[in-house]
Amino acid sequence: MNDEEKRELMMNFERNRQMLSSIMQQKQQYNIQVEVIGASLDELKDTKEKTVMKIVGNIMVSKSIADMKKELEEQKSSFELRLKTLVKQEETTMTKLNSLKAQIEGKPASEEKKTTKKKK
């Protein structure tokens, strides 16, 4: 492998590493959102009120408990779906990174897969 190919592999590795970092940050943010929505749903289950106040922009509006629960459950399922997608992207990116690492170090990709499986 010549220097130009190695440099290209290194740049590709760095791009994938940055992508992985971004994916992990998004995953963390979505996890926090799911937890916050879950806590809100728990509070709605415990309340004796018939309506709740929701902040929309600069105003507060009254909303029924049932409507609010439905809205929050939809948001939660949306975030959970996004999380599943991010997990798949994370796995794909990790696989690419391991492959690129093996190429840069001069190992065959099949050897790298064996060591990756042992680590899991």
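Each reported figure results from applying straightforward, stated rules to the coordinates on display, with no laboratory input. None of these values were measured; they are calculated from a predicted model. So basically every Cβ, Gly included, is an ideal-geometry build from the backbone, and we count neighbours across all protein chains shown.
Taking every eigenvalue of the Cα gyration tensor of the range 3-119, multiplying by 5 and rooting it, what semi-axes result, largest first, whole Å?
Numbers: eigenvalues 430, 45, 13 Å².
Semi-axes (√(5λ), whole Å): 46, 15, 8.
Mind pulling the angle between the C-alpha long axis of helix 3-46 and the longest principal axis of the chain? Nearest 10 degrees, somewhere in 0 to 90.
Tilt of helix 3-46: around 20 degrees.
For the chain, modelled as a Gaussian network with Cα springs under 10 Å, which listed residue fluctuates most, 95, 85, 47?
Most flexible of the set in this elastic network: 47.
Report the residue, chosen from 34, 52, 61, that carries the largest GNM mean-square fluctuation when the chain is represented by alpha-carbon nodes joined by springs under 10 Å.
Highest fluctuation of the listed residues: 61.
Given points 7 Å out from each Cα along the Cα-Cβ axis, report the residue 18 to residue 45 separation in nanometres with one decimal.
It works out to 4.4 nm between the two label points.
Identify the GluC sites (Glu not before Pro) of the range 35-93 meeting these criteria: DSSP loop state and at most 15 other C-beta atoms within 10 Å of the C-beta. Intermediate results must be reported in sequence, preceding the final value.
Numbers: sites: 35, 43, 49, 71, 73, 74, 80, 90, 91; in loops: 49.
Qualifying residues, ordered by number: 49.
First measure r as the distance between the Cβ atoms of residue 70 and residue 25, then evaluate 1/(1 + (r/R0)^6) with R0 = 25 Å and state the FRET efficiency to the nearest 0.05. Kindly include the intermediate steps, with their values, before the conclusion.
On the way: r = 30 Å, r/R0 = 1.18.
Computed FRET efficiency for residue 70 and residue 25 comes out at 0.25.
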